[in-house]
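Novice: Provided herewith is a single structure, encoded as structure tokens, for subsequent inquiry.
The values are calculated or read from the model by the stated rules, or taken from the named source; none is laboratory data. Note that this is a predicted model, so its numbers are computed, not measured. All Cβ positions, glycine included, derive from the backbone under ideal geometry; neighbour counts span all protein chains shown. The protein model used for the area step is the full one, side chains on, heavy atoms only, and it has no ligands, DNA or RNA in it. Shrake-Rupley method; radii C 1.70, N 1.55, O 1.52, S 1.80 Å.
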Amino acid sequence: MSYYEIQGGRPLGGTLAIHGAKNSVLPILAACLLAPGQSVIHNCPDLSDVSVTLDILRLLGCRADREGDTVLIDASALGRSDIPEHLMREMRSSVIFLGALLARLGTAELSYPGGCELGPRPIDLHLSALRTLGAEIWEEQGALCCCRGQGGLSGREICLSIPSVGATENIMLAACGCPGLTTVVGAAREPEIIDLQNFLRSLGAEVKGAGTPVIAIQGGASLHPAEYRVMGDRIAAATYLCGAAAAGGEVELTGVLPDHLTAVLTCLEEAGCTIHTGPDRIALAGGPSLRSISPVRTAPYPGFPTDAQAVLMAALAGGEGATLFVENIFDSRYRHVDELRRMGADIQVAGRAAMVSGVGRLHGAAVRSPDLRGGAALVVAALGAEGTTQVSGLRHIRRGYQALDKNLRALGADIREVP
Ligand code: EPZ
């Protein structure tokens, strides 16, 4: 099994262009189903989750071709609405196809989604919202079957009890196929939701309010294909910033909006980093050693993103002083803690809380990625650690990071993949 071998202790330096956002491009690719014809998506990252999504589109009857960081999706010949279990199991976000298939074809059949093991990953909010829009949904031999109900699909008001990112996106897509006004109250406000709204508008959909708790979709119009550029990946950016904070040095990231990362930048400055920002760039200079910061409580946007919890923890674990983390979004998102302990980290977990006591410097070890962001956290820890670290379980990392080792080498890290 291949692994990264990392010699820690080398400061990072240089400029890196951040790839397109995984959590934006996945719903945008699903949204291509809404418009017959060829859509062109630029800044599409080369990630295994994107490859799975393109395979699903092809299986459904679409053409899906990649030319560098541009993908061409032609949904004219969309003919199937059933996604086989082996593709659904590869990533949770495949549930996003529910809304798009219902809108375009009026039917969908998916097995329960897979993805990272972050505790229970229910989709009750997705299903209850689609039922409110008029879908009939039932289970048949482990698959979810959905179709337009007797009365057809129509716009409704939907109140979300949790600002679920995926449920908000699924409703936006389904509502495009529902004549009338759909209002999502309690919607997720993440930047990826705004990116999806902008793409839907480019298809000719009437959507407004993304980025606020209330999103309105006037559905039923025929949509046309479009050309669109996906936003930069704010979580990948947070990962590289935490890597530079852990290893020391000065890096500049381009192609990412600082406003998308305010909560993370605030924590890194409090920990002793110096940060300068421009319209689409972030520069960070790491201090001699990271110090403890105020409690880090993950929350829906604009709060501290749960996806950056592990990488910030990894950076602070090798610093000084104690920092409390509270993971409020997922039930089980500390699977990286045991692996960080192998590198000498002092972390005490009690339910949703984790107390990280900086040990001055971690040491190298053989560690295994438990999930996507946990794997990235181990790489961050290794960059600042004393000695050699081997990080295995690279399939998790490849889901969300394009050329992580190559990019870190370009910034001066000593990292190589050992086949
Ligand atoms: C999206 O997942 C992201 N994935 C996640 O990123 C991210 O951590 C999460 O949003 C929160 O920001 C993609 O966009 C592909 P949620 P999603 O629905 O949509 C509960 C990464 O590392 N919930 O906002 O699945 C759920 O259990 C990934 O890139 C229900 O109870 O997240 C969780 O506790 C990991 N019922 C909370 O809401 C539902 O029907 C937030 O989940 C749906 C969600």
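Novice: Need a quick list: strands (runs of 3 or more DSSP E) entirely within the stretch 181-299 having at least 1 residues that are of a type in the set (A, V, I, L, M).
Specialist: 206-208, 214-219, 249-254, 274-278, 281-285
Novice: Applying the selection to the stretch 395-406, what residues are more than 13 Å from the ligand (Cβ to nearest atom) and crowded, with 21+ Cβ neighbours inside 10 Å?
Specialist: Passing the criteria: only Leu404.
Novice: Could you tell me which numbered condition Asp82 fails, if it satisfies all but one of (1) out of contact with any strand residue (DSSP E or B) (no Cβ under 7 Å at 6 or more places or on another chain); (2) among the charged types (D, E, K, R); (3) surrounded by fewer than 24 Cβ atoms within 10 Å (Cβ to Cβ)?
Specialist: Here Asp82 meets the rest and fails (1).
Novice: Starting from the stretch 224-243, keep only residues that are farther than 19 Å from Leu72 by Cβ and touching a residue at least 60 places away in the same chain (Cβ under 8 Å), then list their pairs with residues that are surrounded by 24 or more Cβ atoms within 10 Å (Cβ to Cβ) and polar (S, T, N, Q) whose Cβ atoms are within a distance under 7 Å, requiring at least 6 positions of separation or different chains.
Specialist: Met231/Ser24
Novice: Can you tell me which residue is least open to solvent (accessible area, probe 1.4 Å) among those in the stretch 7-40 that are among the β-branched types (Val, Ile, Thr) and part of a strand (DSSP E or B)?
Specialist: Within the stretch 7-40, the match that is least open to solvent (accessible area, probe 1.4 Å) is Val40.
Novice: For the stretch 407-419, which residues satisfy the criterion of being open to solvent by 20 Å² or more (accessible area, probe 1.4 Å) and assigned to a loop (DSSP other than H, G, I, E, B)?
Specialist: Those that are open to solvent by 20 Å² or more (accessible area, probe 1.4 Å) and assigned to a loop (DSSP other than H, G, I, E, B): Gly412, Pro419.
Novice: Does the stretch 370-389 hold any residues that are open to solvent by less than 10 Å² (accessible area, probe 1.4 Å), part of a loop (DSSP other than H, G, I, E, B) and more than 12 Å from the ligand (Cβ to nearest atom), and which are they?
Specialist: Passing the criteria: only Ala385.
Novice: Being open to solvent by less than 20 Å² (accessible area, probe 1.4 Å) and either more than 10 Å from the ligand (Cβ to nearest atom) or out of contact with any helix residue (DSSP H, G or I) (no Cβ under 7 Å at 6 or more places or on another chain) (or both) is the filter here, so list the residues in the stretch 182-195 that pass it.
Specialist: Correct list: Thr182, Val184, Ala187, Pro191, Asp195.
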